[in-house]
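Below is one structure, written out as structure tokens; comments come after it.
The values are calculated or read from the model by the stated rules, or taken from the named source; none is laboratory data. Source: prediction; values computed, not measured. Here the Cβ positions follow ideal geometry from the backbone for every residue, glycine too, while neighbour counts run over all protein chains shown. When the accessible area is computed, the model is the full protein with side chains, heavy atoms only, and any ligands, DNA or RNA have been set aside. Shrake-Rupley method; radii C 1.70, N 1.55, O 1.52, S 1.80 Å.
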Amino acid sequence: MVNEMKVMSVVGARPNFMKIAPFIRAIDAHNRNANAGIEHVLVHTGQHYDDKMSKSFFQALGIPEADINLGIGSGSHAEQVGQTMIEFEKVVRQERPDWVVVVGDVNATCACSITAKKEHVKLAHIEAGLRSRDMTMPEEINRLVTDRLSDLLLTPDELSSENLRKEGVPEEKIKFVGNIMIDTLEAQRHKAEALNIMTIIKQNCLLPQQITDNRQQITDGFAVMTMHRPSNVDDPDILGALVDFLCNEVCRDMPLIWPIHPRAEGNLKKFGLWDKVVGTDYLVLLNPIGYHEMLRLNMGARIMLTDSGGLQEECCVLGTPCLTLRWNTERPVTLKEHGGASVLVGNAVDKIRQAYIQTLEEERRPVSPELWDGKTAERIVRELVAAGESMSQ
Ligand code: UD1
């Protein structure tokens, strides 16, 4: 078998892992079927390094261990991006890939895009064209830089393709391929369905003392909460008001399961809110949980409260009513006005309460936007091979 091209793909943080798993599987399938093969090198920048934030996802999703780990770890944005560029440059110089493939919008995405282009390596971006138009979000800056530099922009929906056209990206670089996250969801949903809610809670609870008698019988019909964005968790007044709403109002109506992100946990403790959260009946804190566990909770939830973009998309496909704790979104296709399951509620409690009450009246209504069909990774590999052929002519 002759290698037709060498592809180096990059992951850094938790939301990248479910996007790379189907891509690697699709490369393997391509190599089984075609005469020529794609040589693939997986690089992990190490931005997320805890077992619960990284290794457990590799294992659960069958991602092979990264060929190269840059070991970047935590730090300020400049530290993370700068260190990643320094280390990734060495790897690119040594490996000389034909393509670097980046996913999503985390610091690894941006840092490796800049480095690849400076090394004259072709760049493909999976999940191109998303725009929140909120320049206070680090992810928006990462998206703009990455898309500006990319040779192949693989979009999850037509709204994203349209964003790129309006920015002047040439038509031949834009390929609408669908949402690769949904490939993972469709491949894994049966495994998730088989999980038991109480087992998930018992195995992942942060504080075993929270599993008291009155919290022991949680079955479908609870609320799930996730929150990690600086705009929600870094300001004590905003975080305090959100905690009051969750503890005093949501937990009065139903159990609330909250897998907690390290940044949120740190700030709850720093702002003196930890005791309240820990002491509220029917609020169960979990450690960061695995992919299947989160999917199972999402399937059983009566309502999701989240600031995560990925969960917004998963709620859309599963039909879980979703209150998105942000004032804007780069994923408008998941909003109710576009047929999805999510409502933007920001972080002002009055607005959240109003949408919360209204949402509790609603039924689960699954919707799969165009090409969110579980076959996005196959299309991506086809586009990559075609782009490689047309560029080498
Ligand atoms: C990053 C992404 C964000 C994504 C999120 C998912 C960027 C700009 N942001 O944000 O888009 O939605 O991941 O989680 O890339 N920490 C640990 N263990 C780890 C990793 C981090 O304890 O394995 C702690 C560190 O104290 C760190 C904090 O979490 O300071 C935040 O991590 P960081 O990588 O800076 O960004 P996230 O907020 O996770």
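By the beta carbon rule, with partners counted only under 4.7 Å, the chain holds these lone Cys residues: C110, C112, C205, C247, C251, C316. Protection proxy ranking, highest mean first, for peptides 85-92, 285-292: 285-292, 85-92, where packing is the per-residue count of other beta-carbon atoms within 10 Å, averaged. Counting only Cβ charges, +1 for Lys and Arg and -1 for Asp and Glu, the dipole size of the chain around its Cα centre is about 300 debye. The mean accessible area for residues of the chain, using a 1.4 Å probe and ignoring ligands and nucleic acids, is 41 Å² per residue. Rolling a 1.4 angstrom probe over the chain with all protein chains present gives an accessible area of which 48% lies on carbon and sulfur atoms.
Which FRET efficiency value, to the nearest 0.05, is calculated for H338 and T136 with the Förster distance at 25 angstrom and r the Cβ-Cβ distance? Once the sixth-power term is evaluated, E becomes 0.55.
Relative contact order of the stretch 257-393: 17 percent, from C-alpha pairs under 8 Å at least 6 residues apart in sequence.
Projecting label points 7 angstrom from Cα along Cα→Cβ for M391 and R353 puts them 5.4 nm apart. With respect to the chain, whose longest principal axis is taken over its alpha-carbon atoms, helix 376-392 is tilted by about 30°. Using every pair of distinct Cα positions in the stretch 187-360, the Kirkwood expression returns a hydrodynamic radius of 16.1 angstrom. The coefficient of translational diffusion for the chain, derived via Stokes-Einstein from the alpha carbon Kirkwood radius under 37 °C and 0.692 mPa s, stands at 152 µm²/s. Evaluated with a Cβ-only charge set (Lys, Arg +1; Asp, Glu -1), the stretch 304-362 carries a dipole of roughly 120 debye about its Cα centre, given to the nearest 20. Positive end of the dipole of the chain (Cβ unit charges, origin at the Cα centre): among P170, L305, I352, the Cα lying farthest that way belongs to L305. Largest to smallest in accessible area, the residues R93, R148, R263 fall in the order R148, R93, R263 (1.4 Å probe, all protein chains included). Peptide packing: for 40-53, 321-334, the average count of neighbouring Cβ atoms within 10 Å per residue gives the ranking 321-334, 40-53, highest mean first. Helix 14-33 axis versus longest C-alpha principal axis of the chain: approximately 40°, rounded to the nearest ten. Once you reduce the stretch 320-379 and the stretch 202-273 to the center of their Cα atoms, the two points are 21 Å from each other. The length gained on full extension between K6 and R93, counted as 0.36 nm times the residue separation minus their Cα-Cα distance, comes to 30.0 nm. Between R252 and T219, the contour length at 0.36 nm per residue exceeds the Cα-Cα span by 10.3 nm. Using Cα atoms only, what is the angle between the long axis of helix 138-149 and the major principal axis of the chain, expressed in degrees (0 to 90) to the nearest 10? Between the helix axis and the principal axis of the chain, the angle is about 20 degrees.
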